[in-house]
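None of the figures in this text is laboratory data; all of them are computed from the coordinates on show. This structure is a prediction, so every number in the text was calculated from the model and none was measured. FYI the Cβ positions are ideal-geometry reconstructions off the backbone, even for glycines, and counts take in every protein chain you see.
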Amino acid sequence: MTGELHRLEDLIERDKDHDCEGVGPKKVCVRVDGVADLPTRFGVFRIISFWNNRDAKEHVAVVHGDIIGGEKVPTRLHSECLTGDALGSLRCDCRDQLEAALRKIGAMERGLVLYLRQEGRGIGLANKIRAYALQDRGLDTVEANLALGFRDDERDYAIAAHMIGSLCVRSVRLMTNNPDKIARLTELGVDVEGRIPHIMPPNPHNRFYLETKASRSGHWIDFSGKTHLPEQGEGVIVEGMPVRGE
């Protein structure tokens, strides 16, 4: 799969005429079209931009170490959150999750963060603000999405699956608390060989939001301290963790 590719820059030349049948029902095709150094407060990374044939959005990969041809590469899929990532909103844990992922992966031998432009779990910024207004009136995050005519989660991981393949990553250890993300990547052909828990401490503004993610969306987040808390700070593969509700 990797052929003679040894550097991330080689992927640009490889992809200049790339035009595949696509991934997923919408036949998403991506190309690597830019690579640069990215020193950050969390470590030294490389950043890779991608063109895609679906949404005209600029999704990126933030890479640490040599991932080409890698197996069990620690990988975080982070969906864009302007209010959290850039403005420091306390209504969610998005910024905490992004910074913790970069910090963890920056301290590892290798890994990657895919930054996906899927604001508001795929409903967009304006609709997310409308959903916030409904939450201010008492709805939870799932109820607010449904009231606006959306599903609980409108995100599509086909672009992420193709990005992982384009980076010649053979298998990943996914940094997530979301079993649906694992299932959907697997359906799209990504070899997910393990999970790294990624749980952030709640604050008074986002605790109900996180409880809703656990109780309504099935995320592996435990607030009782009985089942999952011993694993929350461990950077390990968690095999056989019981799924809430089973």
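A few comments on the model shown:
- Answer residue from the stretch 171-194, given it is polar (S, T, N, Q) and assigned to a loop (DSSP other than H, G, I, E, B) and is surrounded by the fewest Cβ atoms within 10 Å (Cβ to Cβ) among those: SER171
- Residue in the stretch 18-27 that is within 19 Å of the chain's Cα centre (by Cα), surrounded by 13 or more Cβ atoms within 10 Å (Cβ to Cβ) and closer than 22 Å to SER171 by Cα present: yes
- If you go through the stretch 45-61 and keep only what is under 20 Å from ASP10 (Cβ atoms) and among the hydrophobic types (A, V, I, L, M, F, W, C), you end up with PHE45, ILE47, ILE48, PHE50, TRP51, VAL60, ALA61.
- Where a residue in the stretch 93-116 is among the basic types (Lys, Arg) and its partner, wherever it lies, is surrounded by fewer than 22 Cβ atoms within 10 Å (Cβ to Cβ) and outside any loop (DSSP other than H, G, I, E, B), with Cβ under 8 Å and at least six apart: ARG95/GLY84; ARG95/ASP85; ARG103/GLY43
- Of all residues in the stretch 95-141, those satisfying the criterion of being more than 30 Å from LYS72 (Cβ to Cβ) and part of a loop (DSSP other than H, G, I, E, B) are ILE123, GLY124, ARG137, GLY138, LEU139, ASP140.
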